[in-house]
Amino acid sequence: MQKNYALFETEKVDTIKELMDKAVQEVGDKIAFEYKDEKDKEKIVKVTYSEFQNDTYYLGTALSTLNLLNSHIAVIGDNSYEWLTVYLTVLKSNGVLVPLDKELTCKEVINVLKSSDSEVLFYAERYEKYIEEIKNALPNIKYYICFQKEQDDQTSLSYSKLMEKGKKEYEAGNTTYIEIEHEDTNCLKLLVYTSGTTGNPKGVMLTEHNLVSCAVYGLKVAEVKTRCLSVLPYHHTYEAVAGIIIHLYHHSTICINDSIKNVLKNLQTFKPNYIYLVPAFAEVFYKNIWANAKKTGKDKILKIMIPISNGLRKVGIDLRSKLFKSIHEALGGKLEEIICGGAPMRPEIGKFFNDIGIALYNGYGISECSPLVSVNRPKFNDPSTVGVILPCCKVKIENPNEDGDGEIWVKGDIVMMGYYKDPVRTEKVLKDGWFNTEDYGKINQKGQLVINGRKKNVIVLNNGKNIYPEEIENYILRVPYVQETIVKAVKNEKGQETSLCAEVYLNQEKLEELQVENVEQTLKKDIAKATRELPSYKHITKVEIRKTEFIKTTTNKIKR
């Protein structure tokens, strides 16, 4: 691993409109998007940068005829090309895009629509059942536009008909949308709701300058390839900004994954050379690879080949693509790079993928920072860290303990304006331009950021020791049949946190394969073995086995 080195060169852009215009000028005929046709899954639809730009012109022109170019426009649905046309169209207007979590209940959707002052809702057909209730609760919403409807009806407008109308208007000379000027890039552009949807929603206000800075400065430290599989939900800033906008700025081809359950199948179909994931997905890939190796009797040879390969690389011989060919082929055959973020990751997972010839770069972000704060770099990649800090921002560690761990504060071009219509929450986390992430971590001697966990998850034992449960969970996940886990406190009759409990969900197939008989007793021994290198106060004293999986967010994080 080299020391940190010069930044990559990137070309400055100030607006999303400029970013898209530049892409069309430079690579207009290149494929921007590929996706499976909704009616014929065997058919792959391909859209060039020029065609995508025209689609945003048609939709933007249609919105102008409805007098909606300055409106707050919400969108809900699975990842789709139509979703992305709404996204980029609104970002290039003077309006505000409000992406909704596709897993929200009807009451939660109403709550967020009301809080965000949305006037329009684009939606996928499966939310049709919500529309009547939303209309009764929110008479201020002017239009409902359904992606799948072929004709307008009393409930909503048809997206395809709206596009047809916009195309006719545009081709007839309506230039209202394409002549929009962006005078202030520090105005609200993307309004993202991160939590609190059942109570007081928390809307993160991101500006156009925030979004463009993430792309321009992100690619000064990170390096992406030419063809990606877009997997994570588009309402999530990691995919919508660090993913989609960076991909468009880099002129990549974006292959839209149609379903989480189809990720491995779609790796074969689209054969991307890079992919953005959260650690939970990387963990699944990792465990599947080892499970398949064991099933085919190749696990022992895999354990032998990794150190041999690493030894050969030290003398300049890289045979990873040949030695681990079967793994590469299982992941599509072209995958070179995984960029991981959104939660702490086990370092051994990053090391494993790097060892077999698929570079895994762990990063760190938070919606309030647009969302990218730091990322590992080629030739300067340490999977036990979340990499180097973007050159457009500063990071400081407040109130560090004896190990140097403290609260992570961020300042710079990526930091949000604040929380929408919520000065109390805003003042709590923003001080003189510094944002308190409420994550704990430190900066190591090489200048890389290390994350330990969330402030709200910290367990304070009655002996005064602070425990970051995420750290211990990563050790417990080394047990091959542990599929999911959270670490929580054991409390005494006074309510004091005295020790630690691991709540786990087990992989039944793996238990049978390993012929585990006394499950609870074996589990306790295996957890003790996995965590033995930790200090005694971090050891698990109690184990609870769940019968069902944990409830998770749309990015596969366990809801604590």
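The values are calculated or read from the model by the stated rules, or taken from the named source; none is laboratory data. What you see is a predicted model; the values in this text were computed from it and never measured. Cβ coordinates were reconstructed from backbone atoms using ideal geometry, including for glycine residues, and neighbour counts include every protein chain displayed.
List of remarks:
- Cβ pairs under 8 Å, 6+ apart, first in the stretch 263-287 and free of Cβ contacts under 8 Å to residues at least 12 places away in the same chain, second among the charged types (D, E, K, R) and in a loop (DSSP other than H, G, I, E, B): none
- Residue that is within 24 Å of Lys394 (Cα to Cα) and modelled with pLDDT under 95, where the choices are His209, His236, His182: His236
Every residue, every condition in (1) out of contact with any helix residue (DSSP H, G or I) (no Cβ under 7 Å at 6 or more places or on another chain); (2) at pLDDT 95 or above, yes or no:
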site	(1), (2)
Ser80	yes, yes
Trp83	yes, yes
Leu88	no, yes
Gly95	yes, yes
Lys102	yes, no
Ser118	yes, yes
Ala124	yes, yes
Tyr127	yes, yes
Glu132	yes, yes
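- Comparison of Lys295, Lys287, Lys271 shows that the only residue that is exposed (fewer than 15 other Cβ atoms within 10 Å of the Cβ) and either modelled with pLDDT of 95 or more or not polar (S, T, N, Q) (or both) is Lys295.
- Every residue from the stretch 528-546 that is part of a loop (DSSP other than H, G, I, E, B) and either closer than 12 Å to Val479 by Cα or not assigned by TED's automatic domain parsing to the domain that holds Glu484 (or both): Thr531
- If the condition is being under 19 Å from Lys510 (Cα atoms) and either of a type in the set (A, V, I, L, M, F, W, C) or in contact with a Gly (Cβ under 6 Å, 6 or more places away or on another chain) (or both), then the stretch 464-479 contributes Ile476, Leu477, Val479.
- Residue in the stretch 279-295 that is in contact with a helix residue (DSSP H, G or I) (Cβ under 6 Å, 6 or more places away or on another chain), over 25 Å from Phe52 (Cα atoms) and acidic (Asp, Glu) present: no
- Strands (runs of 3 or more DSSP E) completely within the stretch 27-109 that count 3 or more residues being aliphatic (A, V, I, L, M): 44-48, 72-76, 96-99
- All of Glu171, Glu119 fail the test of being surrounded by 15 or more Cβ atoms within 10 Å (Cβ to Cβ) and acidic (Asp, Glu), apart from Glu119.
- Sole residue being among the hydrophobic types (A, V, I, L, M, F, W, C), in contact with a helix residue (DSSP H, G or I) (Cβ under 7 Å, 6 or more places away or on another chain) and closer than 30 Å to Lys334 by Cα, chosen from Val231, Val192: Val231
Every residue, every condition in (1) among the polar types (S, T, N, Q); (2) in contact with a Gly (Cβ under 9 Å, 6 or more places away or on another chain); (3) under 30 Å from Asp78 (Cα atoms); (4) at pLDDT 95 or above, yes or no:
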{"site": "Asn492", "(1), (2), (3), (4)": "yes, no, no, no"}
{"site": "Val519", "(1), (2), (3), (4)": "no, no, no, no"}
{"site": "Ser536", "(1), (2), (3), (4)": "yes, no, no, no"}
{"site": "Ile551", "(1), (2), (3), (4)": "no, no, yes, no"}
{"site": "Ile558", "(1), (2), (3), (4)": "no, no, yes, no"}
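- Filtered residue count, the stretch 23-37, keeping only those that are without any contact (Cβ under 8 Å) to a residue 60 or more places away in the chain, more than 13 Å from Thr253 (Cβ to Cβ) and either of a type outside the set (A, V, I, L, M, F, W, C) or loosely packed, with under 14 Cβ neighbours inside 10 Å (or both): 3
- Restricting attention to the stretch 516-528, the residues being free of Cβ contacts under 8 Å to residues at least 12 places away in the same chain and among the charged types (D, E, K, R) number 2.
- Contact map, the stretch 50-71: residues that are free of Cβ contacts under 8 Å to residues at least 40 places away in the same chain paired with residues that are of a type in the set (Val, Ile, Thr), Cβ distance under 7 Å, separation 6+ or inter-chain. Pairs shown: Ser50/Val24; Gln53/Val24; Thr56/Thr85; Thr56/Thr89.
- Members of the stretch 367-421 that are without any contact (Cβ under 8 Å) to a residue 40 or more places away in the chain and either touching a Ser or Thr at 6+ places or on another chain (Cβ under 6 Å) or assigned to a loop (DSSP other than H, G, I, E, B) (or both): Pro383, Asn399, Glu402, Asp403, Gly404
- Residue match in the stretch 250-257 (condition: of a type in the set (A, V, I, L, M, F, W, C) and more than 24 Å from Ala124 (Cα to Cα)): no
Okay, residues lined up against (1) of a type in the set (Asp, Glu); (2) touching a Leu at 6+ places or on another chain (Cβ under 7 Å); (3) at pLDDT 95 or above:
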position	(1), (2), (3)
Leu390	no, yes, yes
Lys396	no, no, yes
Pro400	no, no, no
Asp405	yes, no, no
Val410	no, no, yes
Lys421	no, no, yes
Thr426	no, no, yes
Val458	no, no, no
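- Residues (surrounded by fewer than 20 Cβ atoms within 10 Å (Cβ to Cβ) and within 17 Å of the chain's Cα centre (by Cα)) located in the stretch 72-101: Asp78, Ser80
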